[in-house]
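Heads up: the structure comes next, in structure tokens.
The values are calculated or read from the model by the stated rules, or taken from the named source; none is laboratory data. From a predicted model like this one, the values you see are computed outputs, not experimental measurements. Note that each Cβ is placed from the backbone with ideal geometry, even for glycine, and that neighbours are counted across all protein chains shown. Areas reflect the complete protein model, heavy atoms only, side chains present, ligands, DNA and RNA absent. Shrake-Rupley method; radii C 1.70, N 1.55, O 1.52, S 1.80 Å.
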Amino acid sequence: MAALVRCRTAFGLCNRVLRASRGLPLRLEGSKTLSKSFITDVKPIGAILHHNNFQRYEIICRSFSTQQEPAQPPSSLDRLEFQAETRMLLDIVAKSLYSEKEVFIRELISNASDALEKLRHERLSAQQAESGGEKHESALEIKIETDKQNRTFTIQDSGIGMTKEELIQNLGTIARSGSKAFLEQLKSKSGGAHDSSAIIGQFGVGFYSSFMVADRVEVFTKAAGSDAQGYKWSSDGTGTYEIQPVDSAETGTKIILYLKAESREFSDEDTILGVIKKYSNFVGSPIYVNGQQANTIQPLWMMDPKSVTPQMHDEFYRFVGNSGDRPRFCMHYKTDAPLGIRALLYFPEGKPGLFDLTREGDQGVALYTRKVLIKSKADNILPKWLRFVKGVVDSEDIPLNLSRELLQNSALITKLRTILTNRILRFLQEKATKDPEEFEKFYQDYGLFLKEGIVTGAQQMDKEEIAKLLRFESSTQKSGEKVTLPEYCNRMKKDQRDIYYLAAPSRALAEASPYYEAIKKKDIEVLFCYEPYDELVLMQLRQFDSKNLTSIEREMRMDRESTDVSDYGPDSLSKISVDKLQKWIKGVLSGKAYSVTVTQRLDTHPCVVTVEEMAAARHFIRTQSHQLTEESRYSLLQPRFEINPKHPIIKKLNTLTDSNPKLAELVTQQLFSNAMVSAGLVEDPRTVVTNMNDLLNLALEKH
């Protein structure tokens, strides 16, 4: 039978080969096979290679046997080519497809696990079809051996094994998944009812990741069955592979990797144990490395929540979260529609550190597919504001790319993120209802993340779901007691359309605020926001339950009834005096106050400043006003100065405009500065000290 031999020979040797007559024996040193062959044809198949003057030849020869050589079957060695442009594909797999070389261990373990599950299914099917005595069956396990001296990595499973045809189909065809075909076969037989969750494989390129680290790969396999023939598959990954029968192969599959020099670390036991712990710790079958079991932690997310003890949760949390604290809350979630999801998420007990507060930090839950790690930090499975959540998400429906490492950007990822986010919010809402004390502790530590979710959120519905978890003190409740937005809405008056809030550093300052005094007469509940960013959160939220969120400063600005007054009452200045004082004050505050008006909503305060959007104005002052001059800042804010004509200071100011104009001017400047500070519209309150000293100096001249 003719065999094809491709070689690269020195130029002189090629000449000798070419001079050889067809039909004469071909003898090349070191090749017993070729020494018993006859040349039938010699063809040049490559261009001369530059510096060594090498040329590739295709030598076709006919082998024969003698009595001195052991007889071989006619097809004992088959040299085959991979299908399609496999040399290019193998090169891509070995050099470009995977981000880390170590993932070849994950891929080979996944394949071995699938082989074990296929055999387990076959045994169960055989037991159901037959009745009788028990049969002795080998244990289903995966064994890994490392040899530093010979630089080899060996993995062996006692699974289903492969026939010669399956070797060609599974290892000779790039991207063909035998496991995927097995699942399809199961579904066609059982109508999709069979539980195939233990089958991992989705793609057929995992085996070829071996060539990232190996110069040569050998596969010894024997299909399950007493009369099965064992085979050896071998290749150096350059486009061809060899298959030959062997009698030494055991049932299952053994893969030997002859490692490259630069990949010698994968012949080290500790390295292999670390990779298994990272990627394959939860594979269903036991994995032994040099006789020691490597996977000992159970995949709790696949278990019944009732069977998992707090101690098991503590141990698992420390494993997946790489943390030394304990979980505060544990959310065990399972659903099959609209996506198949198994999730076990933890809320840390400890307070977040400064690094946890940054959005650039290491974040994300561990993403698994059928108990095999895909990404240890999948940052697009949950939104960034939930970066404090730790745990595992396992879904077989996630669209992965060919290397099973990266998530493809698709609508399914968005759907998965939406499902998990909504479930987490519902879980926290249930905690807030059933265990309010524990939730309050959580809110004190992690409420900032919830508020970040509102500020950065894009959908109003999502923002309002988060907003249900917000907590604020209220003007109708005792100090220290907090209320929710739904509770506020339930207590609203029939004609009330807005939810009112006031930003202040403390409750005492909030209750002493002129703005609170202005709305207090209406007997309307007001939420007190003590944190600087609370106002920004409510401003971004805009609405809740179809009700506008409105700062009481804005409400005061928009209330025309308090400024359009014809009679100021017996205890106030006359309208003539007020009109005269307004004009005088406007002249003094030229360039600062956009307008000067009268308000009837104040009792204990002489004046107040209002701007169109107080919350946005304060945010601007804190973040960007330093870039503007004072004149530009006032021009942008356009503050309205509202005076209380019943207040003693305003009455005395009216008198001073005639008797002591200089003192009256200083008093006016100080009143306006005080109002701007009270409104939170002064970048640095220390700037008002100079004017105050001038005022005190003039006031004390006669003393």
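In terms of solvent-accessible area of protein heavy atoms at a 1.4 angstrom probe, what is the ranking of His619, His626, highest value first? Provide the component values of the computation, followed by the final result.
Details: His619 60, His626 115 Å².
Result of the area sort, largest leading: His626, His619.
Arrange the residues Ser590, Ser410 by how much accessible surface each exposes, largest first, with a 1.4 angstrom probe. Don't skip to the answer; put the middle values down first.
Values: Ser590 90, Ser410 35 Å².
From most accessible down to least: Ser590, Ser410.
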Can you list the lysines whose alpha carbon sits under 16 Å from that of Lys260, skipping same-chain ones fewer than 8 residues off? Lys95, Lys101, Lys148
Heavy-atom accessible area of the range 474-622 with neighbours in place, 1.4 angstrom probe: carbon+sulfur share in percent works out to 48 percent
Residue among Pro661, Asn697, Leu671 farthest towards the positive dipole end of the range 657-703, charges placed on Cβ: Asn697
Could you tell me the accessible area of Lys222 in Å² (1.4 Å probe, neighbours in place), rounded to the nearest ten? 50 Å²
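Ratio of the range 433-547's C-alpha Rg to 2.2 N^0.38 Å, to two decimals?
Values: Rg = 13.9 Å, N = 115, 2.2 N^0.38 = 13.4 Å.
Against the compact-globule rule of thumb, the ratio is 1.04.
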Ignoring ligands and nucleic acids, what accessible area does Asp495 show with a 1.4 Å probe (Å², nearest 10)? 130 Å²
Which of Phe316, Ile287, Phe347, positive extreme of dipole for the range 246-380 (C-beta unit charges): Phe347
GluC sites (Glu not before Pro) restricted to DSSP loop in the range 424-501 with at most 16 other C-beta within 10 Å: Glu481
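Pull out the extension gain between Ser323 and Thr335, defined as 0.36 nm times the separation in residues minus the alpha carbon to alpha carbon distance; nm, one decimal. Don't skip to the answer; put the middle values down first.
Values: separation 12, 0.36 × 12 = 4.32 nm, distance 2.77 nm.
In short, 1.5 nm is gained.
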Compute the accessible area per residue over the range 206-283, keeping the other protein chains in place, probe 1.4 Å, unit Å². 37 Å²
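Assuming a ≥ b ≥ c are the square roots of the Cα gyration tensor eigenvalues, decide whether the range 481-534 counts as rounded (a/c under 1.5), prolate (otherwise, with a/b larger than b/c) or oblate. The partial results should precede the final answer.
Numbers: a/c = 2.23, a/b = 1.29, b/c = 1.73.
Oblate is the answer for the range 481-534, as a/c is 1.5 or above yet b/c matches or exceeds a/b.
With r as the distance between the Cβ atoms of Lys652 and Asn693 and R0 = 22 Å, compute the FRET efficiency 1/(1 + (r/R0)^6) and round to 0.05. Walk me through the intermediate numbers first.
On the way: r = 20 Å, r/R0 = 0.92.
It comes out at approximately 0.60.
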Between Lys586 and Lys148, what is the spin-label point distance in nm, taking each point 7 Å from the Cα along the Cα→C-beta axis? 9.1 nm
Once you have a ≥ b ≥ c as the square roots of the Cα gyration tensor eigenvalues for the range 577-646, tell me rounded if a/c is under 1.5, and otherwise prolate or oblate according to whether a/b is larger than b/c. oblate
Counting only protein heavy atoms and leaving out ligands, DNA and RNA, the solvent-accessible surface of Ser513 at a 1.4 Å probe, in Å² to the nearest 10, equals 10 Å²
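Return the subset of Lys334/Lys482; Lys441/Lys463; Lys143/Lys222 for which the Cα-Cα distance in this structure is over 24 Å, preserving the input order. Can you show the working numbers first?
On the way: Lys334/Lys482 33 Å; Lys441/Lys463 22 Å; Lys143/Lys222 16 Å.
Result: Lys334/Lys482 exceed 24 Å.
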